């Protein structure tokens, strides 16, 4: 069965025997709008848009501490990418000013992109010029961080220190200079 609808007030009446003009609008003094045929399949009213919550940005934290013996540890937690490299760069520069080697703990680092790799390579070169080294520890044997470091040559020996123990940390010797510990990736040798 077809219906007619008033475009002004929305009155809906059966098409059979219906007037050509809206009686409701005429009764209220709104003129005499012509009734128009209603589509056979009325469009489904759209739902109001819901607010889409964007997820919070991934957590990124740095923890810095001096381990003694001319060694500073910087631990990375989260993703090392374009949005976070400036914070790591500042931490590495602070550690460089203290002197000695830097142990970069990547145990809780989930991801490294090209900007993070560039930062690591730049830090390696700077430290090498000063006679120090950047040592990478906590690189999981399987995972994106290990794959990226291996693909770029930063871990070409395939050495990774899965858990950092004081006995495995590098010791400085005056005649041979800083040496990486067994199991640590010596990022300065590339």
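We did not get these values from a lab; they are worked out from the coordinates using the rules stated. All of these numbers come straight from a predicted model, not from anything done at the bench. Cβ placement follows ideal geometry from the backbone for every residue including glycine, while neighbour counts extend to all protein chains displayed.
What does the highest-first list of 29-38, 97-106 look like by mean Cβ count within 10 Å?
Top to bottom by mean Cβ count within 10 Å: 97-106, 29-38.
Between residue 52 and residue 20, what is 0.36 nm times their sequence separation minus the Cα-Cα distance? Round to one decimal in nm. Intermediate results must be reported in sequence, preceding the final value.
Values: separation 32, 0.36 × 32 = 11.52 nm, distance 4.55 nm.
Separation in residues times 0.36 nm, less the Cα-Cα distance, equals 7.0 nm.
Calculate the spin-label point distance for residue 59 paired with residue 122, positioning each point 7 Å from the Cα along the beta-carbon direction, and give it in nanometres.
Going by the 7 Å Cα→Cβ label model, 2.8 nm.
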